[in-house]
Amino acid sequence: MNPNPNIPRVAIVGAGPAGLMAALIAARAGERVVVFEKLPEPGVRLLATGGGHCNFTNTLATDDFVRRFDAKRRFVAPAIKALNANRLRLFFEELGVASHSPDGFHVLPVSDSARSVRDALLQACRKLHVEFRFNGRVANLQIDRGHVTGILTSHGTEPAARVVLAAGGASYPNLGGGESGFRLARLAGHTIMPLCPALVPLVARETWPAALAGVTLPRVAVSLACQGEARVAGAAHAAGATHTTATGSLLFTHQGISGPAVLDVSGRVSSALMTRKAVSVMIDLVPDRMIETWQAHIERLRKEHGAKTVLSVLASILPAALAKVVLEHVDVPVATGVARLSREQSRKLIMAIKHLPLTITATEGFGKAMVTKGGIDLAEVCPRTLESKRVRGLFFAGEILDVDGPCGGFNLQWAFSSGFLAAQNLMV
Ligand SMILES: Cc1cc2nc3c(=O)[nH]c(=O)nc-3n(C[C@H](O)[C@H](O)[C@H](O)COP(=O)(O)OP(=O)(O)OC[C@H]3O[C@@H](n4cnc5c(N)ncnc54)[C@H](O)[C@@H]3O)c2cc1C
């Protein structure tokens, strides 16, 4: 059934996951919905997610999922609880997109295709007569006495009783990223928290990572020491310098380091680089083996296999090229026999394995950042409805808000959940 032409329209700015979800939920509630998208087609960034496979959520229980948003967890909780991972999977299943979790954590469509997710949303919207205006960049919002009344595009003004601003972030400009959404929010009177790239590869001052470009370490812990940062692997830290740590795989690149463990700390590194020239990170090359275990291991080797070289010992747990870097770092010749290692050398060696330092001077920028850190100040948005506290009838969803999650489906779940919650609260 066509929506009643006499009811005022809902305008959605941006046809990414947040905007498409908001459009569909509003249309299901009987609203007349029109979506403005500056690109010629919807969900262009969605198509690129998870290497085209779309890791749209994960298997964490809702409370654990929410906790991974750290300081923003209170803000994201109402949206994630309104549409949690299980309900999102069910929602897609009802649209014909079944999902699975081959590794027990990441959740992907069984089709293995982001396109199937995008197309299912689009088709469902079209069935409910959602109108799409592609190549429809929104240039401003119309606001009258504190109420949103419409939007302005290059083709003129469009009246709207409600607007959902779901214009995404600044990352990947070739996939629709940019600052135009933030500009619209600023014009409406909102504060934009400083923007910087997150989930982004890091650039190192040292040249040795480039020599290892392409080498992956399946499990390391990456941490950074920053004054004023407030967490150690989820736990509050005592006064002084504190650390942020992420565990997972690491990839050496021509410029420095990447991979999930690096991406997960990259947002904090990126913020720190806004006020400093360099940030130190430490890599624990074998996080599951404690310092004491290493000491005992080397003692045993000293007694039982003293003739073995330290290089061969290290190369049994690390790629040989990296083992050489570690030995160079502690100034131990590669041919040194384990029995000949001095106590001081073995102490230094263990410290290098557990805390290999790297100096980060930059990120690879918005062009390579999966998400944007910063955005619309959360203090100016009601978390239960996602309506602006400044302009009645103006709602926000997705990455345009000052919310960014780690790798692993957190950001898409946030986009879908926030689009869902905003749409549920649009009705007059
Ligand atoms: C390469 C890559 C891989 C990723 N992989 C994953 C993954 O596997 N899992 C995960 O959870 N997250 C992933 N992400 C992050 C995820 O894509 C984002 O979190 C998500 O797309 C944000 O959704 P959104 O709807 O808020 O914004 P977007 O998807 O950016 O959509 C916003 C839309 O608004 C449009 N727009 C902007 N300004 C205007 C305007 N003025 N007028 C009209 N339209 C406008 C844009 O063109 C865009 O289409 C990945 C990101 C990238 C770049």
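Observations
- Per-residue Cβ neighbour rank within 10 angstrom, fewest leading, Ile80, Ile317, Ile376, Ile143: Ile317, Ile143, Ile376, Ile80
- Think of each Lys and Arg Cβ as +1 and each Asp and Glu Cβ as -1; about the Cα centre, that makes the dipole of the chain roughly 400 debye.
- Computed on segment 129-178, with alpha-carbon pairs under 8 angstrom and 6+ residues apart, the relative contact order is 21 percent.
- Projected-area mean, segment 201-364, by convex hull of Cα positions, square nanometres: 9.5 nm²
- Length-normalised contact order for the chain - Cα pairs under 8 Å, 6+ apart - percent: 23 percent
- Rounded to 10°, Cα long-axis angle of helix 343-354 versus longest principal axis of the chain: 20 degrees
- Angle in degrees between helix 85-94 and the longest Cα principal axis of the chain, rounded to the nearest 10: 50 degrees
- Inter-label distance, nm, simple model (7 Å from Cα along the C-beta direction), Thr336/Ile317: 1.6 nm
- Computed over segment 201-364: relative contact order in percent, which uses C-alpha pairs under 8 Å that are six or more apart: 30 percent
- Chain lengthening between Met427 and Ala61 when straightened (0.36 nm per residue, less Cα-Cα): 128.8 nm
- Note on the chain: with a GNM built from Cα contacts shorter than 10 Å, the maximum mean-square fluctuation among Thr336, Thr244, Thr385 falls on Thr336.
- Gap separating the Cα centres of segment 381-397 and segment 19-93, nearest whole Å: 17 Å
- Of all DSSP bridge pairs formed entirely within the chain, close to 75 percent run antiparallel.
- Once the Cα atoms are used to define both axes, helix 114-127 deviates from the longest principal axis of the chain by about 10 degrees.
- Sequence of Glu94, Glu179 once ranked by neighbouring C-beta atoms within 10 Å, starting from the fewest: Glu94, Glu179
- Within the listed set Ala415, Ala315, Ala170, the Gaussian network model of the chain (springs between alpha-carbon atoms below 10 Å) gives the highest mean-square fluctuation for Ala315.
- Distance between the modelled labels on Lys368 and Glu131, one decimal in nanometres: 4.4 nm (7 Å Cα→Cβ projection).
- Linear extension gain, Asn140 paired with Met193, 0.36 nm per residue minus alpha-carbon span: 17.1 nm
- Lysines whose Cα lies under 23 Å from that of Lys277, excluding same-chain neighbours fewer than 8 positions away: Lys368, Lys373
- Neighbour counts of other Cβ atoms within 10 Å put Val332, Val138, Val34 in the fewest-to-most order Val34, Val332, Val138.
- Charge-dipole axis of segment 201-364 as Lys and Arg at +1 and Asp and Glu at -1 on Cβ define it, positive-most pick from Thr361, Ile257, Thr336: Thr336
- Of all lysines in the structure, the ones whose alpha carbon falls short of 19 Å from that of Lys308, not counting any fewer than 8 places away in one chain, are Lys324, Lys348.
Read-outs throughout are calculated quantities, based only on the coordinates presented, and are distinct from any laboratory measurement. In this text the structure is predicted, and so the values were computed from the model without any measurement. A quick note on method: Cβ atoms are made from the backbone with ideal geometry, for glycine too, and the neighbour counts reach across all protein chains shown.
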